[in-house]
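Undergrad: Let me begin by handing over the structure; questions about it come next.
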Amino acid sequence: ASQADTLTVVQVILRQSLSEKFKDTAVYFDTKFLINALGYTSDSLGAPCRELLHVVYQKGAQLCCFSHTLDEVRSILYGCAHRISGRSPWGSGYGPTFDYFLKKGLNESDIYLLIQNLERDLQALRIRTVLKPSYDVRHAIDEKALQERIQQHVKYLNEYALFRDVDSISGVIRSRAGRVVPTIERSGAVFVTSNTGLATAANEFHADDAS
């Protein structure tokens, strides 16, 4: 399924399965989701993300992203700016975003302006940036095992993207502080990604860790 299709399925699930509003629960979004929601790719990808944000917000969730996720979005935009400037033709700019900027005729200065306004634009989507929770031995996980599990399902061109995904999943688990509840509305923290491989890896790790 395409990323847009995956998000549409998530929207339907949220609308139909949430029996109550979120209570004291933060929903964290991954890098690609933020890029799409911010409008840095085609509207066919951006519109479902913004609709999902609206649905989750209306259900009472706190919309969040980790500071390291914001850093990754910023790094992608810098990579696109360098590629468009011609100084770094093989830069690390995210492919669909670079192609979209090129199609729209954006130049290096335009992208730097997006970088400057990045936090403001996230706030306009009601998304606040938070630091990952501090480590607590009572709620620590085996991050090495999580990393290995993710690598079984996702191929990374940049190992830093892998480390950030591990940080995000680990951060969400620590945010839950050992809370075990029957519904996601009261889970304390939820991680949203359109990367089905990452979602599968996280679910398998959780199942192994709980057994």
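What follows is calculated from the coordinates using simple rules that are stated; it is not laboratory data. Just so you know, these numbers come straight off a predicted model, no measurement behind them. For neighbour counting, all protein chains shown are included, and Cβ atoms are generated from backbone atoms with ideal geometry for every residue, glycine included.
Undergrad: Between ARG186 and ALA207, how high is the FRET efficiency from 1/(1 + (r/R0)^6) when r is the Cβ-Cβ distance and R₀ = 25 Å? Nearest 0.05.
TA: Given R0 = 25 Å and the Cβ-Cβ separation, E is 0.75.
Undergrad: Can you return the aspartates and glutamates within cross-link range of LYS104? Criterion is Cα-Cα under 13 Å, with same-chain partners fewer than 8 residues away left out.
TA: Cα-Cα hits under 13 Å: ASP43.
Undergrad: When the Kirkwood radius is taken over all Cα pairs of the range 144-183, what Stokes-Einstein diffusion coefficient follows at 20 °C and 1.002 mPa s, in µm²/s? Walk me through the numbers on the way to the answer.
TA: Numbers: Rh = 11.3 Å.
Reported coefficient: 190 µm²/s.
Undergrad: Sticking with this one: Report, in listed order, any pair from LYS23/LYS132; LYS32/LYS155; LYS59/LYS144; LYS103/LYS132 with a Cα-Cα distance greater than 25 Å.
TA: Checking Cα-Cα distances, LYS59/LYS144; LYS103/LYS132 exceed 25 Å.
Undergrad: From the C-alpha coordinates alone, can you work out the Kirkwood hydrodynamic radius of the range 27-150, in Å?
TA: Final number for the Kirkwood radius of the range 27-150 is 15.8 Å.
Undergrad: While we're looking at this one, here's another question. Restricting attention to the range 22-120, which trypsin sites (Lys or Arg not before Pro) occupy a DSSP loop and are surrounded by at most 11 other Cβ atoms within 10 Å? Write out the running numbers ahead of the final one.
TA: Details: sites: LYS23, LYS32, ARG50, LYS59, ARG74, ARG83, ARG87, LYS103, LYS104, ARG120; in loops: LYS23, LYS59, ARG87.
Answer in residue order: ARG87.
Undergrad: Show me the chymotrypsin sites (Phe, Trp or Tyr not before Pro) within the range 25-68 that DSSP assigns to loop and that have at most 13 other Cβ atoms within 10 Å of their Cβ.
TA: Sparse-neighbourhood loop chymotrypsin sites (Phe, Trp or Tyr not before Pro): none present.
Undergrad: Take ASP121 and SER85, extend 7 Å from each Cα along the Cα→Cβ direction, and tell me the distance between the two endpoints in nm.
TA: Going from the ASP121 label point to the SER85 one covers 1.8 nm.
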